[in-house]
Amino acid sequence: MTQYEVKLRLLIFRAIVGLVFVGLAFQTWYLQATRGEELRLLADQNRFREIVLDAPRGVIYDRNGNLLVRNRPTFNLVVIPAYLPEDRTARSQVLAQLSQWLSMPITTQRSPGDAMALREPRPFPSGHSGAPWNRQVGDGIGGPGVLPPSGIADLVASASVIAPYQPIVIRKDIAPALAVRIEQELMNLPGVQIETLPLRDYVSGEITADVIGYTGAIPPEQMDGYEARGYAPNDQVGLTGLEYQYEADLHSTKGRETIEVDVSGRKLRTVGETVPPSPGHNLKLTLDLDLQRAVFRALERGIRNTEQRSGVAIAMDPRTGQILAMVSLPTFDNNLFVGGISLRDYTALSQDKRRPLINHAISGLYPPGSVYKIIPAAGALQEGVVTPNTIIFDEGVLWLPNKFFPDDPELAQPFYCWARQGHGPVNLVRALAVSCDVYFYQVAGGYEPSGFEGLGVDRLVRYAELFGMGQPTGLDLPGESAGLVPTPKWKRFNYAESWVTGDTYNMGIGQGFVLVTPLQMLNAYAAVANGGRLYRPYLMQEILDAEGNPIRRQEPLVVRNLLDVISPENLALVQEGLRAVTQEGGTAEEFDVPGIAVAAKTGTAEFCDNYPKCLDRDGRVKTSHAWFVAYAPFENPEIAVITFVYGGGEGSLVAAPIAAEILRYYFGLPSEADQAEATPTPTPPGPPPAGVTFTGQLLGTDGWGSAGAAVTGYMLDRRGLPVPGVVVNLVADVDDPEQEDPVIARATSGPNGQFDFTDFDLNRATVWRLEVPDYPGTLPLVFEAEQGYRYYVAYQGQW
């Protein structure tokens, strides 16, 4: 090689080295001057992370400071994809360890040769019982072919594309022991963290579920509205009950903290100023938890033997409108909704025809029956339709002449009193005491043959609205129904029919088109009890801050004063009639709260939800709801109670004992069950003397579950005590004048007064009679039997 070639190659080498240094210098300048800020941000993103600091949602207390709702710490296992090991083997080891601890598949993608694929089909366990994935693949509630949940690697892979530095939740609410174990191993688990969050804990559970409600994820259709108010997409919000009503007060404000992390994503230090979180405000309610439990137990016992096993009980302070207890059965456990309810549980609740997710105390609409009679009573007195001394004679039936053929008795329409034998001459106080239907037919709609002018539909509507019917009470709970006060215009619009006198008659006794909620009816009675003030009921007594200091207090609010329309003297007459209900001769004379004077009203409201099985052979409705309303003490009322049993039958027999048990608890008296254990059972009376008569009544029906039918009856004396030794015949009405009706069976009342006929053959007859042969003055009780039904009857003696 010549000297020239050597110098040339050296020159070329120097040129190349020079160009490399120029390129490196240019690249250094380019990165610093042009992309410096971008690269700094990327570096900071690896080093710094902003985390959200959660604060607890406000808790809820009863009026005595007992916790109804609290927050418990919950541990979520989260993974930050960017901090997982980049080496595939090391990453697989981390995910495999998590899979073992959580009993969760690494992946559900079964591609051949994938080392992390789920190797065999097996159930997918869940962190809570009843989860829809706790079964074999393809055997989900949604039917065959339901896809299993994603595995750990699947969740990580999907999040890595969207937000690799954001933590993703792998499993919510893991066991505390497992959370501690994982915390101890975090040094060997890069990218894995334990996140601690507060979770709702409903301490009183189903006892208060209909009132408290529950929280859950933000509904998609409401997401924009919540985000505009500063909520994050994954926030929990109140969905029902007080949780929804007071969401703005209970909701907490999140804080922010910027931290520096190491290569594994673990916190090194806090950077900058931390924005502290703010807990939600607490609620103190008007509910008394002990009374709520007592009401729940009383109602549960009271509906146990009814077909629907559904009812409502509410206790209110008539002096303020405070709700002391509110129970709707059937109900649900709101803890099922914490963290998300399983599909199985939600399906069971939502498909239950009794609608346990609905608070029937404020959302259920029912015909009120005789508890409605205080409204026409007060209106008739105030409008001068009747005076305290006005007497109307009740023969057990009122025949309303045909409007177009008034002189043809064949076309007259009968309106029956519940007591077919009638009540004789009654005034207003006695009409309330014995719940005389014929009296209130005429008070409401008048009676043209005698020239008696009633209130009429317009004035009846006005007084119904005065007492709060047809409008929400304003209770601080979502979902309250307004009820229905029908008018001629309403009937014309909905049925294309004219209003007739019979509609007014039915409205006067709380039947026909009238619909109310139990709370509406109780609020009306509370106004009568306190002397005319119709309050807006409420549940929230105080809102407290985290230190327990009051922020806002709810004061009693009078919606209207009945005394602006009704005179004190006329209201006092209504109160007198209600007091007579629980005295001798009243429909609830057996109602017993020792030492406490109680005013009350019974109600038995006909309804039909299973047409035509709800009708008897004459086309009359034979199924009814049981109502009872009471307040006490009569002289200075401090509690008002309403009990309602769906399809319960006679109000005095079914709903009244529930109210008695509630009032006994409230006034510190032993329940009847406690008294029965503490005192010897009185010896029942012997057979009644000759010449005594009994009055029979069909109480109701329930399912029998057999091809035949059955009858269960009770023989009672005037005090309601059992009468043993009375013979009752079951007679088939063969409807053949040439053949004597055969006695199919004979029963004798036992020591508890009960007699039974089981599985009698319906092929013998459709119409049947119960006769009491030893007491010929007793009228036969006629009924039409249907397959699969048991009929409850009661005979009460007149001695």
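Just a few scattered comments:
- As a length-normalised measure over Cα pairs under 8 Å and 6 or more apart, the relative contact order of the chain settles at 10 percent.
- Sorted largest first by accessible area at a 1.4 angstrom probe radius, with every protein chain in place, the residues Leu663, Leu669, Leu365 fall in the order Leu365, Leu669, Leu663.
- Neighbours of Lys491, meaning other residues whose beta-carbon lies under 11 angstrom from its beta-carbon, give a summed charge of 0 when Lys and Arg score +1 and Asp and Glu score -1.
- Each residue of segment 639-647 was assigned a 3J(HN,Hα) from its phi angle through the Karplus expression (A = 6.51, B = -1.76, C = 1.60, θ = phi - 60°), giving 8, 10, 10, 10, 10, 9, 10, 5, x Hz with x at Gly and Pro.
- Of Ser481, Ser103, the order by accessible heavy-atom surface (1.4 Å probe, DNA, RNA and ligands excluded), from most exposed downward, is Ser103, Ser481.
- Cα convex hull, segment 566-648: 141 Å³ per residue, rounded to a whole number.
- Proximal charge balance of Gly424 [Cβ under 10 Å; K/R count +1, D/E count -1]: -1
- Cysteines without a disulfide-compatible neighbour (Cβ-Cβ under 4.7 Å), the chain: Cys417, Cys436
- Between Ala248 and Arg63, the modelled labels are 2.7 nm apart [label points 7 Å from Cα along Cα→Cβ].
- Counted by Cβ distance under 10 Å from Arg256, the other residues give a net charge of -2, where Lys and Arg count +1 and Asp and Glu count -1.
- Ranking of Ile658, Ile744 by solvent-accessible surface, largest first: Ile744, Ile658 (1.4 Å probe, protein heavy atoms only, all chains present).
- Once Rg and the Kirkwood radius are both taken over the C-alpha atoms of the chain, their ratio Rg/Rh works out to 1.16.
- Calculated FRET value between Tyr495 and Ala232, using beta carbons and R₀ = 45 Å, to 0.05: 0.35
- Contact order normalised by residue count of segment 308-365, Cα under 8 Å, 6+ apart, percent: 34
- The chain: calculated mean residue ellipticity at 222 nm from DSSP helix runs of at least 4, using -39500 (n - 2.57): -8000 deg cm²/dmol
- FRET efficiency for the Leu11 to Asp87 pair, using the beta carbon distance and R₀ = 51 Å, is estimated at 0.65.
- Relative contact order %, segment 376-474, counting alpha carbon pairs below 8 Å whose residues are six or more apart: 29
- Rounded FRET efficiency, nearest 0.05, which uses the C-beta distance separating Ala25 from Asp154 and R0 of 56 Å: 0.75
- Sequence-distant residues sharing a close amide H with Gln754 (under 5 Å, placed H): Met715
The values are calculated or read from the model by the stated rules, or taken from the named source; none is laboratory data. Predicted model, so just to flag it, every value in this text is computed and none were measured. Glycine also receives a Cβ, built like all others from the backbone with ideal geometry; neighbour counts cover every protein chain displayed. Calculation scope for accessible area: heavy atoms of the full protein, side chains included, ligands and nucleic acids excluded. Shrake-Rupley method; radii C 1.70, N 1.55, O 1.52, S 1.80 Å.
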